[in-house]
Amino acid sequence: MFKHIHHVAIICSDYAVSKHFYTQILGLQIIAENYRAERQSYKLDLALADGGQIELFSFPSPPRRPSRPEACGLRHLAFAVDSVQQIKHKLEEQGIVVEDLRVDEFTGKTFTFFQDPDGLPIELYEAWA
């Protein structure tokens, strides 16, 4: 019935900062960028390698997202990567704080977390072979 996740929508507090983070630091490619004057909102569509997308939105004065303690609802965004260690190193070279590597006790796969400019948890997870 469901084939894959088409997109994930993220609302940011500072559009320019988040656009830079997702395009320049994470390296996602821009599909489309539109300003919606009636909503005072940008919508930036970003491509993922598997065909999925991230939709980055800006709105005037969005409320803060509860993160800690963990709130009910979607928790984080996870990217499958070939080498968690390599991506961790690249992010740290750009000044991004990345947690220590961990190993999933059930799968044996390596993973870690870092945050986007608004504190959204982002996970790097070792791709399935």
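The values are calculated or read from the model by the stated rules, or taken from the named source; none is laboratory data. Nothing here was measured: the structure is a model prediction, and the numbers come from that model. Glycine also receives a Cβ, built like all others from the backbone with ideal geometry; neighbour counts cover every protein chain displayed.
So here's what we get for this one:
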read-out	value
Whichever residue in the stretch 24-58 is buried (at least 16 other Cβ atoms within 10 Å of the Cβ) and polar (S, T, N, Q) and, among such residues, is nearest to F79 (Cα to Cα)	Q53
When residues of the stretch 101-129 are limited to those that are of a type in the set (D, E, K, R) and in a loop (DSSP other than H, G, I, E, B), the one farthest from I54 (Cα to Cα)	E105
Where a residue in the stretch 61-88 is in contact (Cβ under 8 Å) with a residue 24 or more places away in the chain and outside the structural domain of I10 (by TED's automatic domain parsing) and its partner, wherever it lies, is in a helix (DSSP H, G or I) and surrounded by 10 or more Cβ atoms within 10 Å (Cβ to Cβ), with Cβ under 7 Å and at least six apart	V81/I87
Counted residues, the stretch 1-48 - those being hydroxyl-bearing (S, T, Y), within 19 Å of L91 (Cα to Cα) and in contact (Cβ under 8 Å) with a residue 60 or more places away in the chain	2
Matching residues in the stretch 91-129 - criterion: being surrounded by 15 or more Cβ atoms within 10 Å (Cβ to Cβ) and more than 14 Å from the chain's Cα centre (by Cα)	K109, T110, F111, E126
Lone unmet requirement of (1) of a type in the set (S, T, Y); (2) out of contact with any Phe, Trp or Tyr (no Cβ under 6 Å at 6 or more places or on another chain); (3) under 16 Å from L120 (Cβ atoms) for S61	(3)
Test result for I11, outside the structural domain of A127 (by TED's automatic domain parsing), surrounded by 14 or more Cβ atoms within 10 Å (Cβ to Cβ) and not acidic (D, E)	yes
